[in-house]
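J.: Would you mind keeping the following structure in view while I ask a few things?
The values are calculated or read from the model by the stated rules, or taken from the named source; none is laboratory data. The structure displayed is predicted, hence computed values, not measured ones. Neighbour counts run over all protein chains shown; Cβ positions are idealised from the backbone, glycine included. Side chains are part of the model used for accessible areas, which takes the heavy atoms of the whole protein and leaves out ligands, DNA and RNA. Shrake-Rupley method; radii C 1.70, N 1.55, O 1.52, S 1.80 Å.
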Amino acid sequence: MKKIVIKNAEIVTMNNLNEIVHGDLLIENDRIAAVGRQINEHGIEKVIDGKGKTVIPGFVQTHIHLCQSLFRGQADDLELMDWLKKKIWPLEASHDEESSYYSAMLGIGELIQSGTTTIIDMETVHYADFAFQAIAESGIRALSGKVMMDKGKEVPKLLQENTEQSLQESVNLLEKWHDYDSGRIQYAFCPRFVVSCTEELLTNVRDLAAYYRTKIHTHAAENRGEIEIVERERGMRNIVYLDHIGLANPNLILAHCVWLNDEEKEIIKARGVKVSHCPGSNLKLASGVAEIPDMLGMDVIVSLGADGAPCNNNLDMFNEMRLAAVIQKPVHGPTAMNAKTVFQMATIGGAKAAGLEGEIGSLEVGKKADLAILNLNDFHVYPSFGVDTISRIVYSATRADVETTIINGKIVMENRNLKTMDKGIILKESNQSIKRLLKRLPTIQYR
Ligand code: GUN
Ligand code: FE
């Protein structure tokens, strides 16, 4: 049995009592075997000195597009529909095998380096297989799937799918990747948003997800222009429509949910739909400020995601936590979205969205060993005396304070050195990849 012990650390458990304990954390293979009690180092291969360090559950980001990491900086200062039509769709249509792989690796490198251990991801129409390959090699935990788009105007030809093909390719990927590495990878169906999907596609996704017991990951009610298109074409508001066709259920993860009326919030609550809040993306794409305090007040499960690199432009949970907290305060007052609430969204909330609250999201015996070790000994997080640890993490710490990341009991970053990828190669290849991709871009056809 492979054993790792982290000695003499401050451990932020995020268990039901929100306990913070001081002591050792023992990992046996892929799971946590002890929290807080003293562990004898005898017979343990790997001892990590945790003195003065803070151990937290790895962050769970519930809305990511690894396929867009290569497009960081290529699509600034646009609103959603222009951002998609003018920039993101043509760029996604220009992907090939190697650009998909390096885009995923670039994103995962950033995620692991900033303490994110699980993602709910959405790939592009083609080459998702190469993103799955990167996910497999990197060791990150992921729910992912190819995006599905069988409808829409001004969509590059290479992204236009027919319904049958889109469903078949999704099932092919599911059969190859779902439950890979003892469930570290799961397939999730990813219809892009109602604007890009026929009703036939959406109802088939509903049935396939029920049959295979997988999640459905999509965008909804992100932007006013988007919800107008949905209302015009389907005669209903976005969430009302999703409920009308039977998609609103506990396995549905909706990114954004900025523009909801009371009826839609009630549907989300009543059906147990999960909301992925993306404050960085919602601000940068000028989408709006989601009414998260209302939803939390209704006991809706809300989690956090950075979305894609070109609408953020980082995949940094520290940034999302800070934004999630501060953007509500001018309207809802200083106590709205306190540090503890936001940290819960970033950890156990994300685990609930993924349906993995029994496995991840807190540091408890029997759960998977997914965690980050923080070094909070620097000017920007001092003084530490008398300061609540969660406050330090949410309001003062940065991703540079993440020293070591462990996923599924495997050290994927140690003392800031990535163990499952060669950073120099990934940086170099990502530059080469986007250079080649941008050369293909002008050849993109629309009909
Ligand atoms: N809505 C449909 N596609 C996308 C996407 O790629 N990113 C965001 N933020 N919203 C979308
Ligand atoms: Fe998105």
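J.: I'd like the full set of residues that are among the acidic types (Asp, Glu), in contact (Cβ under 8 Å) with a residue 24 or more places away in the chain and part of a helix (DSSP H, G or I), limited to the stretch 82-101.
T.: 92, 97, 98
J.: Within the stretch 130-144, count every residue that is closer than 14 Å to residue 190 by Cα and surrounded by fewer than 24 Cβ atoms within 10 Å (Cβ to Cβ).
T.: Adding up the residues that qualify gives 0.
J.: Next up: Any chance you could count how many residues in the stretch 118-154 are away from ligand 2 (no atom under 16 Å from the Cβ), hydrophobic (A, V, I, L, M, F, W, C) and not in a helix (DSSP H, G or I)?
T.: Total meeting the criteria: 1.
J.: Filter the stretch 218-249 down to the residues that are in a loop (DSSP other than H, G, I, E, B) and in contact (Cβ under 8 Å) with a residue 60 or more places away in the chain, then identify the one that is farthest from ligand 1 (Cβ to nearest atom).
T.: Among those residues, the one meeting the criterion is 223.
J.: Going through 114, 94, 100 one at a time, which residue ends up being surrounded by fewer than 24 Cβ atoms within 10 Å (Cβ to Cβ), hydroxyl-bearing (Ser, Thr, Tyr) and either away from ligand 1 (no atom under 13 Å from the Cβ) or farther than 30 Å from residue 19 by Cβ (or both)?
T.: On the way: 114 fails: surrounded by fewer than 24 Cβ atoms within 10 Å (Cβ to Cβ); 100 fails: surrounded by fewer than 24 Cβ atoms within 10 Å (Cβ to Cβ).
Just one listed residue meets the conditions, 94.
J.: Which pairs do you get when a residue that is touching a residue at least 24 places away in the same chain (Cβ under 8 Å), found in the stretch 67-81, comes within reach of a residue that is β-branched (Val, Ile, Thr) and in a helix (DSSP H, G or I), reach meaning Cβ atoms under 7 angstrom, with the pair 6+ apart or on two chains?
T.: Within 7 Å, the pairs are 68/88; 70/434; 71/88; 75/88.
J.: Same structure again: What's the number of the only condition in (1) within 16 Å of ligand 1 (Cβ to nearest atom); (2) under 20 Å from the mean Cα position of the chain (by Cα); (3) part of a loop (DSSP other than H, G, I, E, B) that residue 286 fails to meet?
T.: So the condition that residue 286 fails would be (2).
J.: OK, next. Go over the candidates 124, 203 one by one and state the one that is polar (S, T, N, Q), within 17 Å of residue 93 (Cα to Cα) and in contact (Cβ under 8 Å) with a residue 40 or more places away in the chain.
T.: On the way: 203 fails: within 17 Å of residue 93 (Cα to Cα).
Sole residue among the options that is polar (S, T, N, Q), within 17 Å of residue 93 (Cα to Cα) and in contact (Cβ under 8 Å) with a residue 40 or more places away in the chain: 124.
J.: Now for a different question. Return the residue satisfying two criteria in turn: it lies in the stretch 290-346 and is within 16 Å of ligand 1 (Cβ to nearest atom) and in a loop (DSSP other than H, G, I, E, B), and of such residues it is most open to solvent (accessible area, probe 1.4 Å).
T.: This residue is 314.
J.: Can you find even one residue in the stretch 270-280 that is in a helix (DSSP H, G or I), open to solvent by 30 Å² or more (accessible area, probe 1.4 Å), assigned by TED's automatic domain parsing to the domain that holds residue 218 and away from ligand 2 (no atom under 16 Å from the Cβ)?
T.: Scanning the stretch 270-280 turns up at least one residue that is in a helix (DSSP H, G or I), open to solvent by 30 Å² or more (accessible area, probe 1.4 Å), assigned by TED's automatic domain parsing to the domain that holds residue 218 and away from ligand 2 (no atom under 16 Å from the Cβ).
J.: Tell me, yes or no, whether the stretch 392-405 has at least one residue that is among the β-branched types (Val, Ile, Thr), part of a loop (DSSP other than H, G, I, E, B) and out of contact with any Pro (no Cβ under 7 Å at 6 or more places or on another chain).
T.: Yes, some residue in the stretch 392-405 is among the β-branched types (Val, Ile, Thr), part of a loop (DSSP other than H, G, I, E, B) and out of contact with any Pro (no Cβ under 7 Å at 6 or more places or on another chain).
J.: Filtering the stretch 371-391 down to residues that are touching a residue at least 40 places away in the same chain (Cβ under 8 Å) and open to solvent by 10 Å² or more (accessible area, probe 1.4 Å), which residue is nearest to the chain's Cα centre (by Cα)?
T.: Residue satisfying both the conditions and the ranking: 390.
J.: Mind checking whether some residue in the stretch 192-208 is closer than 23 Å to residue 288 by Cα, open to solvent by 10 Å² or more (accessible area, probe 1.4 Å), of a type outside the set (S, T, N, Q) and not in a helix (DSSP H, G or I)?
T.: Within the stretch 192-208, none of the residues are closer than 23 Å to residue 288 by Cα, open to solvent by 10 Å² or more (accessible area, probe 1.4 Å), of a type outside the set (S, T, N, Q) and not in a helix (DSSP H, G or I).
J.: Now for a different question. Please go through the stretch 233-289 and give me each residue that is farther than 17 Å from residue 64 by Cβ and among the basic types (Lys, Arg), ordered by number.
T.: 234, 237, 265, 269, 271, listed by residue number.
J.: Within the stretch 26-73, count every residue that is surrounded by fewer than 21 Cβ atoms within 10 Å (Cβ to Cβ), more than 17 Å from residue 405 (Cβ to Cβ) and in contact with a helix residue (DSSP H, G or I) (Cβ under 8 Å, 6 or more places away or on another chain).
T.: Residues meeting the conditions: 1.
J.: With the condition kept exactly as written, say whether any residue in the stretch 157-166 is closer than 29 Å to residue 111 by Cα, within 16 Å of ligand 1 (Cβ to nearest atom), of a type in the set (Ser, Thr, Tyr) and at pLDDT 95 or above.
T.: Yes: the stretch 157-166 contains one or more residues that are closer than 29 Å to residue 111 by Cα, within 16 Å of ligand 1 (Cβ to nearest atom), of a type in the set (Ser, Thr, Tyr) and at pLDDT 95 or above.
J.: Can you pull out the strands (runs of 3 or more DSSP E) entirely within the stretch 8-69 that have at least 1 residues that are closer than 30 Å to residue 126 by Cα and within 21 Å of the chain's Cα centre (by Cα)?
T.: In the stretch 8-69, the matching strands (runs of 3 or more DSSP E) lie at 59-64.
Residue-wise test of (1) at pLDDT below 95; (2) assigned by TED's automatic domain parsing to the domain that holds residue 87; (3) under 20 Å from residue 348 (Cβ atoms); (4) within 16 Å of ligand 2 (Cβ to nearest atom).
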{"position": "284", "(1), (2), (3), (4)": "no, yes, no, yes"}
{"position": "294", "(1), (2), (3), (4)": "no, yes, no, no"}
{"position": "304", "(1), (2), (3), (4)": "no, yes, yes, yes"}
{"position": "313", "(1), (2), (3), (4)": "no, yes, no, yes"}
{"position": "318", "(1), (2), (3), (4)": "no, yes, yes, no"}
{"position": "331", "(1), (2), (3), (4)": "no, yes, no, no"}
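J.: Can you find even one residue in the stretch 66-73 that is among the charged types (D, E, K, R) and either more than 13 Å from ligand 1 (Cβ to nearest atom) or assigned by TED's automatic domain parsing to the domain that holds residue 26 (or both)?
T.: Here is the first cut: in the stretch 66-73, the residues among the charged types (D, E, K, R) are 72.
Subsequent filtering for residues that are either more than 13 Å from ligand 1 (Cβ to nearest atom) or assigned by TED's automatic domain parsing to the domain that holds residue 26 (or both) retains 72.
The answer is yes; a qualifying residue exists.
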